[in-house]
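Shown next, in structure tokens, is the structure this report addresses.
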Amino acid sequence: MWGDILLSLLPFAIIIAIWIFIMRRMSSGAGGGAGGQIFNIGKSRAKLFDQNTDVKTSFKDVAGLEGAKEEIQEIVDFLKTPDKYTALGGKIPKGALLVGPPGTGKTLLARAVAGEAKVPFFSLSGSDFVEMFVGVGASRVRDLFKQAKEKSPSIIFIDEIDAIGRARGKSNFSGSNDERENTLNQLLTEMDGFGTDANVIVIAATNRADVLDKALMRAGRFDRQIYVDLPDVRERKAIFEVHLRPIKKDDNLDLEFLSKQTPGFSGADIANVCNEAALIAARKGNKSVGKQDFLDAVDRIVGGLEKKNKIITPDEKKAIAYHEAGHATVSWMLEHAAPLVKVTIVPRGQSLGAAWYLPEERLIVRPEQMLDEMCAALGGRAAEKVIFDRISTGALSDLEKVTKQARAMVTVYGLNEKIGNLTYYDSSGQGEYNFTKPYSEKTAELIDKEISNLIESQYQRAIKLLQENKDKLTELANVLLEKEVIFKDNLQKIFGNRPYDTPEVVFNDVVDPS
């Protein structure tokens, strides 16, 4: 009888024994690895940097970004010498949010803070809070702030905070418990809830500030929003100086020239240019990195890899040459269009040909400037019409560009007389349009008509310009067919000096429809 009972209990005993064995293995980490520590799943995954940690990045390594760097330095200074500020009645800020396009140096600034601050620095990503288990994210937030408070004054850096900081109540159609919202609620409480007086500063970075919850953005949580913008020409020169330190470059390399050749480039793009130039120079067997290597690197990054094996028929090559010559001719004739630097009909990436310009870096743009740019962008298709009396699919990227620009003029910037001083742009983060259009069907028809009129008027303007200069357009296209790559001096020989030269690369390309 007892034997039968023991025999029936044996499977349960075996299951319990196996479960205990597995739990012990997991709790021990299977050799000490953090991935197996199931009992530590609610613990923070933040990496701690302090004065004993070898962090080599400093503010000297952060070129440009003077305004952002000044505010970040002030936060570090506050933690080092709080009496300097509190003596006047000031309070330590709770948080600083770094906002800006990708590659502008937000994480680099945080690394510089870790290198400069003589206080504990906790670094982690927003996705480190997210887990499949309910309650883990909130538990990790609590544990993170507990550790930070124990070592206060301290700094917490959360990279890509939009992973947990998205506005609550949106995109949750299931009605179920949202683990991300619970994590955000805990973060809000820790940053400015009841009894949060510890000297802990939270620095966060994101390129999606428009989707963040309003409660996270209010004063008392992220007191400061620091916009880290793309560098201007002066800042790009300073960034080149930093990234060229380890590179063996020519003694006569002009950094001023390089900074003017790279408008719109972020700090990460410039680092990529420097690295690519070094690789190109090494491939050529050069002893140092020269000016041409950097120009080739810019071409490689902007236009893509050169496709030497792409088969192009003579007729297609001729059409591409006239298309690119059309861009060059129209831009040379217009006052506000960006001056040309180089035209090529060598296929790169998805483009069959390309024209590089050095646009003036403007803070505000006037209607006449936008119209001239649209006209220059349509110069390629206009040249095809003037020379061959037929058009092709090669103007795809040009049409996309001018359509976006015309739509912005009409619906965003209020630059259209018939629509008036109205904008349908929503800066609260919902994008240009919500689920429903913020205007009537009649207005929608008017918008479509005005966008079409804008584009067609500039297309006709480009055709007129090219008809008046058809002989010069043909001469330029023949030079381009012969050399495949032409520069500004080739245009000067044909057209004479351009009276509106301005210092600064928009990339107009002919897209291969295949």
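The values are calculated or read from the model by the stated rules, or taken from the named source; none is laboratory data. What you see is a predicted model, and the numbers here were worked out from it, not measured in a lab. Because the Cβ atoms are built from the backbone with ideal geometry, glycine has one as well, and the counts that use them run over all protein chains shown. Ligands, DNA and RNA are stripped out before the accessible areas are found, and what is left, the full protein with its side chains, is counted by its heavy atoms. Shrake-Rupley method; radii C 1.70, N 1.55, O 1.52, S 1.80 Å.
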### Summary
Of the residues in the range 232-246, those that are of a type in the set (Asp, Glu) and closer than 19 Å to Lys291 by Cβ come to Glu241
### Query
Is it the case that the range 70-80 has a residue that's assigned to a loop (DSSP other than H, G, I, E, B), open to solvent by 10 Å² or more (accessible area, probe 1.4 Å), of a type in the set (Phe, Trp, Tyr) and closer than 22 Å to Glu190 by Cβ?
no
### Query
Any idea which of (1) closer than 26 Å to Asn497 by Cα; (2) out of contact with any Cys (no Cβ under 7 Å at 6 or more places or on another chain); (3) open to solvent by less than 10 Å² (accessible area, probe 1.4 Å) is the one Gly290 doesn't satisfy?
(1)
### Task
Being closer than 16 Å to Ala114 by Cα and modelled with pLDDT under 80 is the filter here, so list the residues in the range 76-88 that pass it.
Leu79, Lys80
### Query
So which pairs qualify, if the first residue must be in the range 479-495 and under 16 Å from Tyr357 (Cβ atoms), the second must be open to solvent by 50 Å² or more (accessible area, probe 1.4 Å) and at pLDDT 85 or above, the Cβ gap must be under 7 Å, and the two must be at least 6 apart or on different chains?
Phe495/Lys472
### Query
Which pairs do you get when a residue that is under 24 Å from Gly304 (Cα atoms), found in the range 355-379, comes within reach of a residue that is open to solvent by 50 Å² or more (accessible area, probe 1.4 Å) and at pLDDT 90 or above, reach meaning Cβ atoms under 7 angstrom, with the pair 6+ apart or on two chains?
Ala377/Lys401
### Task
Could you please let me know if Leu88 is in a strand (DSSP E or B) and either open to solvent by 50 Å² or more (accessible area, probe 1.4 Å) or farther than 20 Å from Leu48 by Cβ (or both)?
no
### Summary
The one condition Val211 fails out of (1) crowded, with 21+ Cβ neighbours inside 10 Å; (2) touching a strand residue (DSSP E or B) at 6+ places or on another chain (Cβ under 7 Å) is (1)
### Task
Of the conditions (1) open to solvent by 60 Å² or more (accessible area, probe 1.4 Å); (2) among the charged types (D, E, K, R); (3) in contact with a Ser or Thr (Cβ under 9 Å, 6 or more places away or on another chain), Asp143 clears all except one; give me its number.
(1)
### Query
Out of Val341, Val273, Val289, which single residue is in contact with a Leu (Cβ under 7 Å, 6 or more places away or on another chain) and among the aliphatic types (A, V, I, L, M)?
Val341
## Note on the structure
Over the range 116-175, the set of residues modelled with pLDDT of 80 or more and of a type in the set (Phe, Trp, Tyr) is Phe121, Phe122, Phe145, Phe157
### Task
Could you list, in sequence order, all residues of the range 416-451 that are in contact with a helix residue (DSSP H, G or I) (Cβ under 8 Å, 6 or more places away or on another chain) and either at pLDDT 90 or above or open to solvent by less than 40 Å² (accessible area, probe 1.4 Å) (or both)?
Asn416, Ile419, Tyr424, Gly429, Tyr439, Ile447, Glu450, Ile451
## Note on the structure
For helices (runs of 4 or more DSSP H) lying entirely in the range 240-334, having 1 or more residues that are in contact with a strand residue (DSSP E or B) (Cβ under 6 Å, 6 or more places away or on another chain), modelled with pLDDT of 85 or more and among the β-branched types (Val, Ile, Thr) picks out 314-333
### Message
Just to be sure I understand the filter: pairs with C-beta atoms under 9 Å, separated by 6 or more residues or on different chains, first member in the range 76-98 and within 13 Å of Val200 (Cβ to Cβ) and small (Gly, Ala, Ser), second member open to solvent by 50 Å² or more (accessible area, probe 1.4 Å) and not in a strand (DSSP E or B). Which pairs pass?
### Response
Gly95/Asp223; Ala96/Glu71; Ala96/Asp223
### Task
May I ask you to list the residues in the range 321-371 that are open to solvent by 10 Å² or more (accessible area, probe 1.4 Å) and of a type in the set (Asp, Glu)?
Glu335, Glu360, Glu361, Glu368
